[in-house]
1. Sum up the charges of everything whose Cβ sits under 14 Å from the Cβ of Thr349, counting Lys and Arg as +1 and Asp and Glu as -1, but leave Thr349 out.
2. Quick one: of Lys3/Lys110; Lys105/Lys172; Lys356/Lys387, which pairs are farther than 28 Å apart, Cα to Cα?
3. For the chain, calculate the relative contact order in percent as a whole number, restricting contacts to Cα pairs under 8 Å that are 6 or more residues apart.
4. Is it possible to state the helix-based mean residue ellipticity at 222 nm for the chain, with each DSSP H run of 4+ residues giving -39500 (n - 2.57), the sum divided by total residues, to the nearest 500 deg cm²/dmol? What is it?
5. Need one number: % antiparallel among DSSP beta bridges in the range 131-283, to the nearest 5.
6. Might you report the magnitude of the Cβ-based charge dipole of the chain about its Cα centre, with Lys and Arg at +1 and Asp and Glu at -1, to the nearest 20 debye?
7. I'd like the Karplus ³J(HN,Hα) series for the range 35-50: coefficients 6.51, -1.76, 1.60, θ = phi - 60°, whole numbers in Hz, and an x wherever there's a Gly or Pro.
8. Find the cysteines in the chain that fail to meet the 4.7 Å Cβ criterion with every other cysteine, and list them.
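The numbers here are math on the coordinates, done by the rules we state, and not lab data. What you are looking at is a predicted structure, and each value in this text was computed from that prediction instead of being measured. Glycine gets a Cβ as well: all are built from the backbone with ideal geometry, and neighbour counts include every protein chain shown.
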Amino acid sequence: MKKQGVLIIAVEAESLAAEAGMQAGDRLLEINGEPVLDQLSYQFLISQRDETTLTFQAPDDRITTSVVANGENGIGLDLAEDEVKVCRQNCVFCFVLQMPKGFRKSLYLKDEDIRLSFLYGHFSTLSSSDDAELDRVIRERLSPIHVSVHATDPEVRVKVVGNKNEGHILRKLDRLLEGGVDMHTQVVMAPGLNDDWVWEKTVRELWERRAFQTEGPWAGKGGVLSLSCVPVGLTAHREGLPAVAEVSSDYAHAWVQRWAPEVRKYSAANHGEPWLLLADEWFTRAGLDVPGRSFYSQSWAQLENGVGLVRRFLEHSRRFLGRPKAQGFRGRKALLLTGASFAPVLNDTLAKLNRKVGSRLRAAAVRNFSFGESVTVAGLLCGKDLKYAAEADRQAHGGDPQWVDAVVVPSSALRTHTGPTDQYTLAGVVHPEARAMFLDDVTLAELSQDLGVPVVPGGENFSQLLGNLLIAERGLSAFHTAGMSSPQGAYLP
C-alpha cells in the first residue's frame, strides 16, 4: 500500500519545523486538516494561514499534531521529490516509442504530469488527470498549463492518441476553463491524419475558448492563451508502429503559404497579440526565412516548443553585433556544431560576426546517426554524433589536433539531470559533479577529452557563448546552464 503524505528528507536547525518536533524520515500528512499530496500541494497549503496546524508521522507510525505561526520564510522543510506520473496514451507519433535501444532507462519513461506542465512548460495530454486532479489544478491555481490537444474531433483524437477513453479532450479543457485556468495548447501535425478539416475544426473550437474575452460564454473565465502547430517528428526507429506520413519540404512550404497569413489575421483579432503560432521547423523544412518579430508574441509564448527560437536568436545577434562586447570574439577560432535545420542560419550570422570583429567562427551541420537523418533539430544530437562531426571536420582541415581553439555544442542537446524525478532540483550552473551529458550518456568532459580541445555549451546567444568560452579559457568547467534541458525525465523537446 502506498504510504500517505510526503517524506521529509531534511529539517533546518532551529526552524519552525524543528520546534514542532519534525525530523528527517517523518512523513508530513496534513496541513490544516488537508492531506499533503506532493511538493506543490505543500507550497499551496502552507501559504494559506499565518497559524498552521501540521500533522506528521514518525517511522514508528506515531502521529503528532503541532501548531506553528509560519511567516514568509516557510517552516524549514525539505521534502522528497515527487513521483512522476506516466502517460496512458499511445500517440502514433510518440517520441518515446521511437527511441532506439540502448539508452538509459529513464529515457523510455513516458512522463505525463500536469505539475510539470505548470512548472516547466511540459505538454500534457491530460491522460493521467482524472476529475479529482483537474479540480485540484483549479483549487491550487496551477495556471497556465500546457496541453497537447492534437485534435478536438473525438474520433480523430482517438486515432492520434491511441486511447479510446481520451477522445473528448474539450470536456477536460472546459472543466479547467470554467475554473479559471488558462492554458497554452499545441497540435503536432501529421499529414493525412489531423490536418485539413480536422485542423480547421481544432483551430475554430480553441479560438472560441481564447483568453481575455470581454463578452460571450467564456468571458471572465480561463482561456486558451495560444495554439501552436508543430510538424510531426519521426525517427528511423518506428518498427511495429503505425504508418505516419512525414512532413516534406513541399508540404511545409504549402502549409506556410496557407497558414502564415492566418497567423496575422488571428493576431489582429486578438488585439495584436499572436495567438496562432507556427513552429520554426515549418520554415526551416520549407527552406524559407523565419518571419519578423511581430509574427511572434511579445512574451515569446511557446518558445520551449520551438516557436520563435530562430527569430529570437537573430534579434539578439543583431543587437550584439552593435555592442563593444562583440569584440571579445576577435581572433577566436571555433567550430560550432548544430542540427541541419539551424546550420544555414547560424553560418550566415557567423559570417557577419567574423566580418565585423575579425573572428574565425564557423558552423557545421551534424548528421543524426542516433535517431536517423530525418531528425534535424539540435536538441536531439547525441555525443557520438557530435564527436563524429568534429573528427570529420578535423580531418577535412588537415588532421591538426589543435585545428580549432574550441568546439561548441548546442546547449539544448545537454541535460543537467538524468533521472525521471529531478523536477525540483534546478541549478543555475553546471558543476563537474553534475555530469552534464547528452542523451547517449556521453558527458561534456568526456567529449572534450576525446577531441583534445575544450568543448563548451553554446548557450542561447552569442553573449552566453562568449561567457562559456572565457570560462573554458580559465580552465574551469562550471558552465552556465542557459538553454540546457533541465529537468529531464523522458524525452523533453
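1. That works out to +4.
2. Flagged as over cut-off: Lys105/Lys172; Lys356/Lys387.
3. On the way: 930 pairs, mean separation 52.9, N = 493.
Contact order relative to length: 11 percent.
4. On the way: 14 runs with 148 residues, N = 493.
Helices in the chain give a 222 nm mean residue ellipticity of -9000 deg cm²/dmol.
5. If I count the DSSP bridges inside the range 131-283, around 0 percent turn out antiparallel.
6. Values: 53 positive and 61 negative charges, 418 e Å.
With Lys and Arg at +1 and Asp and Glu at -1, about 2000 debye.
7. Along the range 35-50, the couplings run x, 8, 8, 5, 5, 5, 4, 4, 4, 5, 5, 5, 9, 7, 9, 6 Hz.
8. Cys87, Cys229, Cys382
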